[in-house]
Structures are given as C-alpha cells and as structure tokens.
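Every read-out reported here was derived from the displayed coordinates using simple, explicitly stated rules and does not represent laboratory data. Please read these numbers as outputs of a predicted model, since none were measured by experiment. Note that each Cβ is placed from the backbone with ideal geometry, even for glycine, and that neighbours are counted across all protein chains shown.
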Amino acid sequence: MENWGLISVVPVTVLFIVAFATKKSLEPLLVAALVGHVILYKGSFITRWVATLYKVMGSSHMIWLILVVTLFGALIALLEKSGGLRGFTKVALKYANTRKRSLVITWLLGCVFFLDDYLHNLTVGPTMMGVADSHGIKRTELAYIVNANAANLCCVVPISSWVVFFAGLLETSGLTVNGTGYNAYLAIIPYLFYCWLGMLVSLFFAMGIIPAIGAMKKISPVLVNEETEEEQDKPMLLNFLLPVITLVLVTLLCENEMLYGILAAIVVCLVVFMATKTMTYDEFFKTLMQGMKNMVFIDTLLIVAFTLKDANDTLGLANYIISVVSPIMKGGLLPVVTFIVCMIYAYVTSCFWSMAAVMLPIVIPLAQGMGVNVFLTVGAVFSAAAFGSQTCLFSDALIMNSGALNITTADHGMTTLPYALIGAGVACVLYAVGGFVL
C-alpha cells in the first residue's frame with residue numbers, strides 16, 4: 001500500500017471542517033470521500049468512487065449491516081404503530097417521573113443490552129425517546145447516555161461481540177492465559193480504564209453531577225405535541241415486551257447474531273398483532289415498509305462513510321499515524337502513549353477492530369521487551385477502540401444512534417466529545433501512572 005504521508009490526513013481534515021461548518025450528516029462524509037478519491041485518482045475520481053461504492057456495497061459486512069439497520073427500522077415502526085412503544089413509555093413514566101430518573105433509567109436499561117453495540121444503540125434510544133421527550137430531555141443528551149454504554153459496556157462484559165473478536169486477536173497475537181485468548185482478555189478487563197470511566201462519566205451526567213457543557217448547552221429539546229400524542233394508537237405494553245424479549249433471546253441463542261433476532265421479533269409482531277387484531281394484514285406490511293424506508297438515510301450514511309474509510313486506507317492514513325508516533329512509544333510511558341495514539345487512530349480513521357488488529361502485534365512485543373505490564377498496555381488499545389466508536393463522526397455506531405434518535409451525526413459527535421475527553425483525560429493519568437507502578 002502506498003503511503004501518501006501528510007497528504008493522507010487531508011480527507012479527514014476536510015470532514016471535520018465541513019461537519020463543524022454545516023452541522024450536517026451526509027455532506028461532510030460525501031465531500032471528504034470525494035476529496036480522498038481526487039487525491040488518489042485525479043481526473044478519474046468519479047468513476048473510481050463509483051467503483052468503490054460497488055466494492056463497499058458488495059462486501060458481506062455491508063450487506064449484513066444494511067439488512068440489520070433496515071429491518072430494525074421496520075421493527076421500530078411496528079412497535080410504534082402498534083402502541084408498544086407508548087405502552088412502555090406509559091409504564092416507564094411511573095418510575096421515570098423526573099428528568100434525572102429518566103436519564104438514570106436510560107443508563108440502567110443500556111446495561112441490559114450488552115451483547116452488541118448495534119443492538120444496544122438501535123434498541124435503547126427509540127425505547128426511551130418518548131420518556132425523554134416528555135421531560136424536555138434533549139435528544140443529544142439521550143444519545144450521549146445511550147452511546148456511552150454501547151462499545152464501553154461491550155468491552156467490560158465478557159460475553160459480547162467485541163470480546164469475542166478481541167479474544168481471537170489476543171490468541172493470534174500470542175498473548176494467552178492458560179492457553180486461551182479469552183482468559184487473557186479477562187485479565188485485561190480491569191485495565192480498560194476508559195471504558196469504565198466513559199460509563200461512569202455518563203452516569204454522573206445522568207445524575208446531574210456533571211452539567212451540560214460545550215455544544216450540549218446550545219441544543220434545544222424536542223417539543224412534545226400533546227394533540228398529536230392523543231391521536232396516536234392506544235398504548236399496549238404486551239406489543240412491546242414480546243417482540244423485544246424475542247429479539248434478545250434469539251440473538252443470544254444464535255451466538256449474538258442480531259439479524260436472526262430481528263427477523264424473529266418481526267415474525268412475533270405479525271403473530272401477536274394479528275391475534276390481538278392490533279393491525280390488519282395490510283396495515284402490518286404497510287408499516288413494515290414505511291419503517292424500512294425510514295432507515296434509507298442511515299443506510300446511505302453508512303455506505304458513504306465506508307467509501308471514506310476505503311479512501312483513508314488506500315492513502316495509508318493509519319500507517320502514517322503509526323510512523324509518526326512509533327519513536328515515542330518507549331518505557332513506562334508506553335501504555336499512555338499507546339492509548340493516546342490509538343485514540344487518535346480510531347477517531348480519525350473510524351477503524352476500531354482493525355486498529356486493534358494493527359496495533360497489538362506492535363505493542364505486545366514492545367511491552368514484553370521493556371518489562372511494562374502487557375495487560376495494561378493492551379487494555380489501552382481496547383479502551384481507545386471504544387473511545388473511537390463512541391466519538392468518531394463517521395463511526396457506524398454513532399451514525400446508527402443519531403439516525404435512531406433523529407439527530408445529526410455532527411450534533412451527536414460534538415456534544416459527546418467533551419464528556420468523552422473527561423474520561424479519556426483521567427484514563428491518561430491512570431495509564432501514565434500504571435506504566436511505572438503496575
């Protein structure tokens with residue numbers, strides 16, 4: 001792969017400039033992706049960008065992602081139309097009867113959906129949106145609470161999709177405990193400082209201990225239209241509980257395969273809604289199709305984001321970052337430098353799992369050779385991956401969370417970053433101290 005050096009930073013720089021200037025979601029991604037292709041292919045950039053679109057859309061991961069997002073949109077529409085979401089909201093309001101309680105309950109509910117960050121973001125936000133709106137909670141506040149418990153939680157609970165992948169990386173990198181990468185990962189969990197702190201900071205925000213800061217103060221809450229609410233369908237809690245329980249159980253039974261869980265939940269919706277005469281057959285499929293249409297914009301964001309990622313990879317952005325910072329990755333400062341480098345890597349490239357795959361073969365032998373705690377150093381890599389997933393403007397998790405709550409990725413990213421940096425700052429101190437004393 002050709003290394004373009006400092007030029008490789010240009011597309012990401014353009015992304016942030018356009019995002020902060022326009023506060024839009026699609027336009028910054030599209031402009032940055034096209035700039036990357038202009039740098040790479042000059043006058044033929046349009047045809048090469050179209051070729052990249054074909055490549056991205058034809059990948060098995062993107063096909064799976066579009067299916068999951070689109071079908072989840074259908075499920076959410078069915079839960080809303082059937083009165084299921086309003087049924088949950090009505091019950092939740094008995095307990096979430098203040099702003100603080102609503103945010104804390106959102107935080108606690110997020111702890112239930114630890115199997116996968118996609119499942120977490122697509123479920124918790126829409127579930128609590130009605131409760132949040134009724135208390136004047138800003139959608140960006142809700143989005144921050146939800147996403148702060150997504151990748152971070154998936155990293156610290158040892159039965160998630162993130163843990164399965166990272167444990168496999170550890171094994172292939174030769175770092176095992178009692179012969180397995182999974183046991184090595186269990187030893188790393190206490191050193192996932194940012195993951196723990198990211199969740200703790202969001203809990204403190206939910207409790208009102210940490211106030212609104214930065215861009216969060218400038219966002220206005222959604223106004224609830226009481227007349228519209230009265231015209232909505234009758235609340236029916238059962239129409240929410242049965243599909244959601246099915247979603248979680250089938251996903252768990254199918255080895256964390258979300259797609260099967262969503263399909264099973266939609267089938268349960270069909271059976272229950274027909275049996276209870278909540279909807280007619282025609283209403284069901286009309287709602288199903290409308291829900292799928294609602295997710296087209298999110299699908300588009302994901303596709304364009306991955307074309308930008310492809311351009312960054314071709315430009316050698318990750319290799320350039322590593323080449324710049326490798327000389328300072330020495331001694332007891334190795335864990336904190338690793339954390340900072342990997343945070344920057346993840347934030348500007350939207351590479352989280354692949355970042356870990358690239359960095360582990362570098363930092364593991366460095367830590368072992370320098371006598372630095374290897375579990376602490378690897379924990380810094382995994383923590384940085386979670387930071388990137390939570391904050392990167394074109395991360396798939398942030399895009400899905402923004403779309404589910406009807407806010408822009410720019411608003412979500414800019415309001416989240418100050419809180420994430422609080423946790424990251426404390427984590428830096430812990431990694432710096434830990435590099436010398438652990």
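Quick notes on this structure:
- The calculated FRET efficiency for the pair LEU186 and ILE209, based on their C-beta separation and a Förster distance of 30 Å, comes to about 0.45.
- For the chain, the Cβ-based charge dipole about the Cα centre amounts to some 620 debye (Lys, Arg positive; Asp, Glu negative; other atoms uncharged).
- Average Cα contact separation per residue, the chain, under 8 Å, 6 or more apart, as relative contact order %: 27 percent
- Using the average count of surrounding beta-carbon atoms within 10 Å as a protection proxy, the listed peptides 422-432, 142-152, 94-104 rank, highest first, as 142-152, 422-432, 94-104.
- Span per principal axis, largest first, for the Cα atoms of the chain (Å): 67, 54, 44
- C-alpha center-to-center spacing [segment 170-214, segment 97-120] in angstrom: 18 Å
- By the Kirkwood approach, averaging reciprocal distances over each pair of separate Cα atoms, segment 272-322 gets a hydrodynamic radius of 14.2 Å.
- Across segment 1-112, the volume of the C-alpha convex hull divided among the residues equals 200 Å³ per residue.
- Angle in degrees between helix 238-253 and the longest Cα principal axis of the chain, rounded to the nearest 10: 30 degrees
- The angle separating the long axis of helix 258-275 from the principal Cα axis of greatest extent in the chain is about 0 degrees.
- With each label modelled as a point 7 angstrom along the Cα→C-beta vector, the SER60-VAL429 pair spans 4.6 nm.
- Relative compactness, segment 298-373, computed as alpha-carbon Rg over 2.2 N^0.38 Å: 1.24
- In terms of packing, defined here as the mean over residues of other Cβ atoms within 10 angstrom, the peptides 10-17, 305-312, 271-278, 33-40 line up highest first as 305-312, 33-40, 10-17, 271-278.
- Calculated from backbone phi, Karplus (6.51, -1.76, 1.60) coupling profile of segment 400-409 in Hz, x at Gly/Pro: 5, 5, 4, x, 5, 10, 6, 10, 7, 5
- Separation of the ARG99 and LEU242 label points, Cα + 7 Å toward Cβ, nm: 3.9 nm
- Using alpha carbons only: equivalent-ellipsoid semi-axes of segment 327-430, gyration tensor based, whole Å: 28, 13, 9
- Ordering SER82, SER354, SER383 from the fewest to the most neighbouring beta carbons within 10 Å gives SER354, SER82, SER383.
- Dividing the mean sequence gap of close Cα pairs (under 8 Å, 6+ apart) by how many residues segment 287-438 holds gives a relative contact order of 28 percent.
- Sorted by Cβ density within 10 Å, fewest first, the residues MET129, MET62, MET207: MET207, MET62, MET129
- Distance in nm between pseudo-label sites at LEU259 and VAL177 (7 Å out along the Cβ direction from Cα): 3.4 nm
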